[in-house]
1. Give the ranking of GLU414, GLU674 by solvent-accessible surface, highest area first, calculated with a 1.4 Å probe.
2. Determine how many Å³ per residue the convex hull of the Cα atoms of the stretch 859-901 encloses.
3. Name the residue from TYR497, MET572, ALA541 whose Cα lies farthest towards the positive end of the charge dipole of the stretch 463-582, charges +1 on Cβ of Lys and Arg and -1 on Cβ of Asp and Glu.
4. Can you tell me how the stretch 455-515 classifies by the Cα gyration tensor, rounded, prolate or oblate, using a/c under 1.5 as the rounded cut?
5. In whole angstrom, how far apart do the alpha carbon centroids of the stretch 655-688 and the stretch 501-572 sit?
6. Enumerate the calculated ³J(HN,Hα) couplings along the stretch 869-885 in order (Karplus 6.51 cos²θ - 1.76 cosθ + 1.60, θ = phi - 60°), each rounded to whole Hz, writing x wherever the residue is Gly or Pro.
7. Place a label point 7 angstrom from the Cα of LEU305 along the Cα-to-Cβ direction, then list the residues of the stretch 313-347 whose backbone nitrogen is under 11 Å away.
8. Please work out whether the stretch 410-528 counts as rounded, prolate or oblate from its C-alpha gyration tensor, where a ≥ b ≥ c are the square roots of the eigenvalues and a/c under 1.5 means rounded, while otherwise a/b larger than b/c means prolate and anything else oblate?
Amino acid sequence: MNTIALYQLLAFLSTGGEAATSQPKRSSWSTTGSSREASEASSIKAQLKQKLQQRTKWTDQRDLIGSGFASTAVGTDHARGRSVPHRSKASQSCPTLESDRSRTDRSPHLACYRLVTAPIDTQRSDRSRRSIRSWFCPNQVPVSQTNIRSTLTVVGLSLPSLHTWTFLVNQVEKCILNIEFYLILKILLFIVFAIDCWCARSMGKPLENRGALKMRDRLKKNWILNTARGISADEVCSESISPNSFLLTELFKSGSRAPVPLKIASSAPDGSRRPRLAATYNTLIDLHGKAGKLQNASDAFAEMLRSGVSPDTITFNTMINICGSNGLISEAEALFDKMRRRRIVPDTKTFNIFMSMYASLGNIEAVLKYYHKMSESGLTPDTVSHRIILQALCERNMVREVEDVINKIIESGEFVDEQSFPVVVKMYINQGMLSETSMFLEKHCGSSSISSKNYAAIMDVYAEKGLWEEAEGVFYRKRGVGNKKEVVEYNVLIKAYGRGKQYDKAVSLFESMRNIGIWPDECTFNSLIQMLSGGDFPERATEFLRRMKDAGFRPRCETVSAIIASYSRKAMVDEALEIYQEMKPLGVEPNEVVYGLLVNMFAEAGKVEQALHFFSLMEESGFPPNHIILTSLMKAYKKASCWREAQEVYAKMKTLEHGPDTIASNCMIDLYAELGMVSEAKLIFDDLRKNGEVNGVSYTTMIYLYKSLGMLEEAIDMAQEVQKAGLLTDCASYNSVLAAYAVTGKLKDCAYLIHEMIARKMLPDASVFRSIFGIVKKGGLPIEAVLQLQASYNEGKQFAREAIVTTLFSLVGLHDHALESCNLFLSARTRNPLDSYAYNAAIYAYGASENIDKALNLYMRMQDAGLEPDTVTYVYLTICYGKARMVEGLRRIYGLLKYGEIEPSESLFKALMDAYENSGKHDLAELVEQEMKFRIHSPIGDESETEDDWDAYESETEDDLDAYESDNIDQDDDFSMNPSIL
């Protein structure tokens, strides 16, 4: 029977189980069993003891110590992380495979010690696993504390010391043997050792990495309680110094100290032991601080001072960090003063703690103060110091100070920490300094090897700003040898492509990943699917969802909901339902966002029953209804004209925590506006205005309500109120106010609104230009000029927008604004030739502003450009001649009209009549009137045609307002319910 077999037999006796070998099955025994079983046990134990004594053959303690010190030195070096002399391969192997040739291998204790301290690598992990399992628990049955203690006592052995267990745990942790790690820890906790700080540190971190937080807390609690009671690990050992006790206890400690008896080690009057080292108190204070127990940490610090143990720099650093983490800035400063009074020199970490503490509070002045104090104290800032100061300065966009710090780092012969690169790049980008960003990356990234994660962080800064080209440049930049791209960089570049709407590039990058040897992960699929869904490519997103399933990944619920939202926006109801039905087979449970999207989709389609069906499914799934889903339900009732049901839903929303929101209230106002229920709509609007929740949609809906019922004064008051409140934020809200002003003839106010839009760099859309055409038509602009401007806008001709705005400003008398807008396209005529409508608008603008010479000069330039004058040109020239009293010019135009060289036009005849009247030629004005009656067969008539056209314009405007209100309410709902993209 060799050494390991003896220990396997010892483990068999300790656990009371069956042997791992193929021996006959024995009945279990215990120290309190029958006499026959007890005699068998005694016989086996006696044989085991005799075998152990025969194997040892040590006659005196001197020989034992002499042979033990060699192994002790080796074990101590491994425990302290030192390198050991080269040994033969046989002596480095695991104890289960070692031969019994050497003297040390013949000792079972030294074989156990070799098992603990021998370096374990991945090549021998399986062999070490078998050795540890067979030594501790051959059959993996529960361990009996009584059997372990009784068995070791019978054979003359004492329990292994705490250092033995700690060494063993460290080696098992290096080999990543999870099962054996928990097995050893279970035996250790079951025997109830008095845990010391070394054991707590060695075992606490592996437990935290494995997520076993409860077991970690149990270890810390064991150590804290025993430290407070004065109990140490030595007390579990025997006070006698026998050879076996020396091997099992002292060989696993540094040095060759014998265990100190409790009665000798007691220093307090009550017989309890107190820590005598500052490191013990430091660990205790740090544990209390990390547990959030500030009072316990303070008590431990006070006890340390009362016990006469001098605190060191680590002690004060720990206390300052705890106070700063709990927001006790004054206490941290007081500790710093106390530290200096005790003549304890602060180190770099002390100043780093203060810098980090004040940086988290946003006190940049204090951060700079301690940064300079560090240099004044003769200390050199380290990497953490530079990282903290750069982070604080970059967050406040202090470019000059950041560059000064970077220059000092370079002058000191160091490099900027790569974790600071994304922070500096973000500062430059926020300031719009893209060229400086490129220079910084070229200077600092080219000479150092940056990790893939930090490259991804730099790219993400560009991606957040939509700068996909710059992010692409960082991705494809030349790197050092061995610095390979990881999948996180591909994920960020896909995000950048999505922000820049470069969907084809994102898909191409995804397809190229496998060719390079990078396999997409779950985040890659989720980002790509959400990006395509946000770009309204639900079919392609669905294709990648299938590929994600085939790759063995489960999509996130946000990813599936993004596809449903995309189908919903495109009114593809059947496809959205198909994706919903695939959620459970994919292992994804629908949430309130998915149900809300389905309810809103059917509400948009006016299908109340289907919307109510999914609303019921949501409630059955345990999701309470929120404002967004109830608003979608109100929308469904509104489209079905079920206003009573909508009122019930609105009343239900009032029972929620914050009551109805602005979107729901606007939906009810819109419903009441369609039904002409003014008092009900005004009541909800007044509540919104009282609570400060009214927005542009609320005002627009009320303006539409008042205007549709002929309450023009109320509509004007509402329009002026929304303008003063600054709630005109988009073209639709401006258009509603324009309609209100136009109905009441406030054309100049309309022009001011258009100028305000342009000043805010808000480009008018098609609905606004339709309103402008109606305004200039109502203002008396010739119908030929209106049609010419409208045709140029519909055809998308260059400078059509500027010409329309110029004509509007000239019509209402805003000549300065008109000439400013006119100069925009006149200054570009050398590069881009102007068309007739642009020259006509410019002639009209200068003629209306009494600058006749400039207007006639433009007419001559128009002819030089090869453009023939049209009816609109002659109308505007007639106006100019009339204002200048140039009768000869009027006679020339009348002659061309009389002899048929100009197509007859009622607008031109009326312009000639007005011009002759302004020139005092009443007889000629009457002559032109007679000619118009003769040439124009239809009578001049009243303004019925204009009124009919304006009624048609009002009808179009009201339709635009209806679409605007519905779109705004729907967009708000969709925006609130859409999942976050990327």
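The values are calculated or read from the model by the stated rules, or taken from the named source; none is laboratory data. No experiment lies behind these values; they were computed from the predicted model shown. Because the Cβ atoms are built from the backbone with ideal geometry, glycine has one as well, and the counts that use them run over all protein chains shown. For the accessible areas, the whole protein counts, side chains as well, though only heavy atoms, and no ligand, DNA or RNA atoms are used. Shrake-Rupley method; radii C 1.70, N 1.55, O 1.52, S 1.80 Å.
1. Details: GLU414 70, GLU674 105 Å².
In descending accessible area the options line up as GLU674, GLU414.
2. Per-residue hull volume (Cα only) is 71 Å³.
3. Checked the options; the winner is TYR497.
4. It comes out oblate by the Cα gyration axes.
5. 40 Å
6. So the Karplus estimates, Gly and Pro as x, are x, 10, 4, 5, 5, 5, 5, 5, 5, 4, 5, 5, 4, x, 5, 8, 6 Hz.
7. Residues 335, 338-339, 342 fall inside that zone.
8. oblate
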